[in-house]
Structures are given as C-alpha cells and as structure tokens.
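Written below as structure tokens is the structure these notes are about.
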Amino acid sequence: EAGVTQFPSHSVIEKGQTVTLRCDPISGHDNLYWYRRVMGKEIKFLLHFVKESKQDESGMPNNRFLAERTGGTYSTLKVQPAELEDSGVYFCASSQDYGTIIYFGEGSWLTVV
Amino acid sequence: EDQVTQSPEALRLQEGESSSLNCSYTVSGLRGLFWYRQDPGKGPEFLFTLYSAGEEKEKERLKATLTKKESFLHITAPKPEDSATYLCAVQASDYKLSFGAGTTVTVRA
C-alpha cells in the first residue's frame, strides 16, 4: 500500500514567487494534515482537513497560505507570494479516523531566496 | 498551550549500551502520545501511540512507557541502525499534534 506522497520533494524559489505543494494521502484516509518545520524549530501544525472540509486551520501563519482538498482526495498548499521566512520543510500526514495512527509523508523542502 | 519537552537533545551510545529518552508534556485533554523516528531528509516514521498512564508498548529494541506527565522511550542493546532522531508528540482534544524538538541518537559500532 502506498504511503503519503508529496510533490515536489525540493523547491527553490525567489521571494515573491508562488509555490504549490501537493499531497496525496493514503487511500481511504479522510483526515489530512499539513505541518511544517522551519529552521531550528519544532514541527508545527498548520491545518486539518476532514474529507474536503477544513476542520481546523488555526495554524496557518497568514493569508499568503492557501490550502485546498479537491473532492476529499489530494490536497494542495499554495504560498503566494513567498517570503524568506517561509523556508522550511512542509509535511503532509493522513489518518483513517480521529485519534488513529497519523502517517507522515517525506516532506516538501522549500527554500525561498 | 500544549508543551512537549524532550531530553536529552543528543545522545551518543556505544553499540549494546542501553539508555532512555524522556518526553515530558503538558496538554489539555490528552488523546494520545506518539513516538516517531526520523532519519535525515525523511519524514517522521510512526513507532508507537500510547493512550493512558501505565501503558507500555514494545517494538524490537524499543519500549515506550507513559505516565501522567511524561513518557520514556527505552532503547535496549542498540545497534548502529537505531541511529536517528526520535520525536515525541502529544495529541490533544482538538486532534492536533504538538511535537517536541527531538532527541538525536547516535549509536557507534
């Protein structure tokens, strides 16, 4: 069974540009999460989808970040315009039900220059 | 705000030298405590979930325990392939995970 897959694995963009990260959760997992780790910090929660609905987006840093989950399947996280402080690794995770095992992807490593 | 503190930050062990990692936490309404292993350049790999004080789980050379304030990850007779960063995270009533900074374990042959 395929795990959580993320694309791209690495991205280098200039300040002010736009980047879109994609996540494909494990098949059948209704819960999809975005987390990120910026340099020197712990992994932090960004938001949580249940199927196509945003359950909790309290961790989104500002309105330059937009997350969508089309049809309750894959999700995208867009950063527009990107700033230097957005550099870090963005993890997607999924789980079947509330409170069950949360599986993480390999991460999308974003560098803004 | 939920807080997770892991200690030590780094741990260097000789192969076969058993040790323990600590994760202390404060959380409102603990749903579960998760342990993950992370290798360089990779995502967190699930190891255990503990749900209530007194619970213990084992997997190969790893054993996780939970009390009301902390969790321990015991590594028995470690091998070089156990070298990794071990992350502790608590899941609160809102289902968010709050992570600690991790303990980086290096096991020398």
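The values are calculated or read from the model by the stated rules, or taken from the named source; none is laboratory data. Bear in mind that the values here come from a model prediction, so they are computed numbers and not experimental data. So basically every Cβ, Gly included, is an ideal-geometry build from the backbone, and we count neighbours across all protein chains shown.
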Of the numbered conditions (1) within 12 Å of another protein chain (Cβ to nearest Cβ); (2) at positive phi, residue B:77 fails exactly one; give the number of that condition. (1)
Would you say residue A:51 is of a type in the set (D, E, K, R), touching an Asp or Glu at 6+ places or on another chain (Cβ under 8 Å) and closer than 24 Å to residue B:41 by Cα? no
Could you pull out the residue among B:86, B:25, B:95, B:51 that is on the phi < 0 side of the Ramachandran plot and within 12 Å of chain A (Cβ to nearest Cβ)? B:51
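Let's see how each residue does on (1) at pLDDT 95 or above; (2) buried (at least 18 other Cβ atoms within 10 Å of the Cβ); (3) of a type outside the set (A, V, I, L, M); (4) within 14 Å of the chain's Cα centre (by Cα):
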| position | (1), (2), (3), (4) |
| --- | --- |
| B:45 | yes, no, yes, yes |
| B:72 | yes, no, yes, yes |
| B:77 | yes, no, no, no |
| B:84 | yes, yes, no, yes |
| B:87 | yes, yes, no, yes |
| B:92 | no, no, no, no |
Those residues that are within 14 Å of chain B (Cβ to nearest Cβ) and in a loop (DSSP other than H, G, I, E, B), I need them from region A:78-98; list them, please. A:96, A:97, A:98
Assess whether residue A:75 counts as being in contact (Cβ under 8 Å) with a residue 40 or more places away in the chain, at the interface with chain B (Cβ under 10 Å from one of its Cβ atoms) and farther than 26 Å from residue B:6 by Cα. no
Consider residue A:11 against the criteria (1) under 19 Å from residue A:113 (Cβ atoms); (2) within 14 Å of chain B (Cβ to nearest Cβ); (3) among the hydroxyl-bearing types (Ser, Thr, Tyr): it satisfies all of them except one. Which criterion is unmet? (2)
Exclusive hit being over 10 Å from the mean Cα position of the chain (by Cα) and within 11 Å of another protein chain (Cβ to nearest Cβ), set B:32, B:102: B:32
So the check is Cβ under 7 Å with 6+ separation or different chains; which pairs have a first residue in region A:36-64 that's more than 8 Å from every other protein chain (Cβ to nearest Cβ) and without any contact (Cβ under 8 Å) to a residue 12 or more places away in the chain and a second one that's of a type in the set (A, V, I, L, M) and surrounded by 16 or more Cβ atoms within 10 Å (Cβ to Cβ)? A:57/A:47
Limited to region A:51-93, what total is found for residues that are out of contact with any strand residue (DSSP E or B) (no Cβ under 6 Å at 6 or more places or on another chain) and among the β-branched types (Val, Ile, Thr)? 2
Determine if region A:99-107 includes at least one residue that is over 16 Å from residue B:43 (Cα atoms) and away from chain B (no Cβ under 12 Å). no
If you scan region B:43-63, which residues turn out to be out of contact with any strand residue (DSSP E or B) (no Cβ under 6 Å at 6 or more places or on another chain), of a type in the set (Asp, Glu) and assigned to a loop (DSSP other than H, G, I, E, B)? B:60
Name the single residue, out of those in region B:64-96 being among the hydrophobic types (A, V, I, L, M, F, W, C) and assigned to a loop (DSSP other than H, G, I, E, B), that is nearest to residue A:99 (Cα to Cα). B:92
